[in-house]
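Here, each number is a calculation from the coordinates, and none is a lab measurement. No experiment lies behind these values; they were computed from the predicted model shown. Using ideal geometry, Cβ is built from the backbone for each residue, glycine included, and neighbour counts are taken over all protein chains shown.
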Amino acid sequence: MKFGVDVGMARVGVALCDPDGVLATPLKTLKRDLKKHSDVRVLLKLVAEHEAVQVFVGLPRSLRGHETGSTQMAREYAALVAEGLQDPAPGVSVRLIDERLTTVSAHRALHESGLDGRKHREVVDQVAAADILQQALDMQKSLGRDVGDPVVPGERPTSTDL
């Protein structure tokens, strides 16, 4: 089982895939808790509960590939997840994967499906997380190897070109 995570300022979208790693599906939207990190704890429980082996956290870059404040936020979130997994699930790897335009794509897909625009906010982060995970699954399958940048527990996240 693998997880996809879309980190935002207010919400965190979570998705998972089938046991064969073929299809990503939306799972849950967590309310972001910047002070107590209760959302991270819920994510860690979900990862352990579903016996995940990998967690892909979306890394939002600018269209030109540069890092932004959101990029650093995702790096810090991924570091919290990697550190938090050391006790309950030490073998689970956390990897950062480029997620340019996944939220835009998720909004478009929801609109095309006929979902009322007011309802988008409730599920768009889950759909974006599923897009992130599906991208990672497809890349892994086509390349025959792990993809994304590994997050090492205990290392302070740094941006490459802020």
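See the values below:
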quantity	calculated
Pair residue 23, residue 149: separation of 7 Å Cα→Cβ label points (nm)	3.3
Reachable lysines from residue 45, criterion Cα separation under 21 angstrom, eight or more residues apart if same chain	2, 28, 31, 35, 36
